[in-house]
Structure formats: C-alpha cells, structure tokens
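Remarks on the structure that follows.
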Amino acid sequence: MQPVTFNGQSVKPGKVVCIGKNYAAHIAEMASVPADDMVVFMKPSTAIGQHLVSVMDEPLHYEGEICLMMLDGQVGAVGFGLDLTKRATQAKLKAAGLPWERSKAFTGSALFSDFVPAPKSLDQLGIELQVDGSLRQKGDVSLMLYPPLIILQELAQFCQLEDYDIVMTGTPAGVGMVQAGECFQGRILDGDHELVCAEWTAV
C-alpha cells in the first residue's frame, strides 16, 4: 500500500473509492447524461502516486476532487486529489461497455495533498484548481448531485470503508489534458477558509 500524510503522519489507505458524474456541469462538458444511480469505481492503493505525469502510454487528463479520509466509521480528514485518466482508453472502454480500470486505476493515477482533520460540518467544503496561475476548476458541495453524507450512505449499502480509505467525491467542470511543465495548485476550502493545499509540476 502506498502512503499518504494525515496530520503529519504517514498512513496507508487500503483502497480509493471514486464517485463519477457527481457535478452536473462536468456531465455536460463530457457530453454525457446523469446516471440512474450513483456511479462508483475503485482504485487500488497501488494507484496512489507522488508525481504528476503528463503521458503514460497516451496523454493523461486531470480531474481535481474533494477527498474524504475515513476514520472510525466517519469522515475524519479531508484533502485535495487529482484523478488522472487515460481519456482515449476510457472512451474506447465506455463505447464497448467495459470496465474503466485500464483508464482509471493504473499505477500513479491518484495524487493527494496532505490530509487534515475534517471540519465538524462538510456542507461548506469547496475545491479550487489552478494551472500556471489560471483557475481551471472550482466547485463545492452545494453543486454535487450526491453530497458527502449521501455518498457514504450509498456506499454503506455494498462497500465496507476502513480506516484511512479515501473517497474521491467527483470532479467539477474544467477538466483537461496535463501538459509537461505546467504547475498544478489545488486547494480545499471550508467556506472561505483554506484547509489544505498542494502543488505539483507535471513531467
């Protein structure tokens, strides 16, 4: 298992659970339609990486996300995450009605900031992603089709979440291709207050 940092300590998530199609604007920009049920897919712990890579067999696309870390059966921490996607491969898999793992669960496909203790309420969580100083993505819980507590209720119907597991809650509009040399700066907000931030330079 690959480590991430929570409260200054290295911890090892057992799995990363990802929510797809959770922002209406992102669904529209992908020329898709809302799903009847919450879209869920998994990344293994080996998907957690440290470096932002622009090409891995094909160009990679970025998706910034609010991420939740589980502790004692509830959200104990929050962080910023990048879900990296092989978009061309994903399109082929979707067209064939096949699973997404080849495009979403590859080694290094999940990057995370440090995780910090979650606020008492998750209702004001927001996300911003800047690339080379230009705002690319901005969203908050109010724009989610499935806000955090509903996500956890839905997951509890079929999936056991363990300590340090990470839930990636979906991406707002503004996704795009990673270009080598670009500087990515992501942050998680509680209202107007910054909780945590992270920076990567793409290679």
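The values are calculated or read from the model by the stated rules, or taken from the named source; none is laboratory data. Only a predicted model underlies this, so the values are computations on that prediction, with no experimental measurement involved. Every residue, glycine among them, receives a Cβ derived from its backbone with ideal geometry; neighbour counts consider all protein chains shown.
Here are the numbers:
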quantity: Hits in the stretch 40-51 (condition: crowded, with 22+ Cβ neighbours inside 10 Å and outside any strand (DSSP E or B)); calculated: Ala47
quantity: Unmet criterion (only one of (1) more than 22 Å from Gly14 (Cβ to Cβ); (2) of a type in the set (A, V, I, L, M); (3) touching an Asp or Glu at 6+ places or on another chain (Cβ under 7 Å)) for Val178; calculated: (3)
quantity: Single residue of Leu129, Leu145, Leu152 found to be more than 18 Å from Leu82 (Cβ to Cβ), in contact with a Lys or Arg (Cβ under 8 Å, 6 or more places away or on another chain) and not basic (Lys, Arg); calculated: Leu145
quantity: Residue in the stretch 152-164 that is outside any loop (DSSP other than H, G, I, E, B), crowded, with 21+ Cβ neighbours inside 10 Å and not hydrophobic (A, V, I, L, M, F, W, C) present; calculated: no
quantity: Checklist (1) closer than 14 Å to Ile188 by Cβ; (2) assigned to a loop (DSSP other than H, G, I, E, B); (3) out of contact with any helix residue (DSSP H, G or I) (no Cβ under 7 Å at 6 or more places or on another chain) applied to Thr171, failing item; calculated: (3)
quantity: Search result, residues across the stretch 91-125 that are of a type in the set (Ser, Thr, Tyr) and either touching a Leu at 6+ places or on another chain (Cβ under 7 Å) or in contact (Cβ under 8 Å) with a residue 24 or more places away in the chain (or both); calculated: Ser103, Thr107, Ser109, Ser113
quantity: The stretch 139-151, residues that are more than 29 Å from Gln9 (Cβ to Cβ) and part of a loop (DSSP other than H, G, I, E, B); calculated: Leu145, Tyr146
quantity: Segments classed as strands (runs of 3 or more DSSP E), wholly inside the stretch 52-131, with at least 1 members that are among the β-branched types (Val, Ile, Thr) and either surrounded by 15 or more Cβ atoms within 10 Å (Cβ to Cβ) or modelled with pLDDT under 95 (or both); calculated: 64-71, 74-83, 125-131
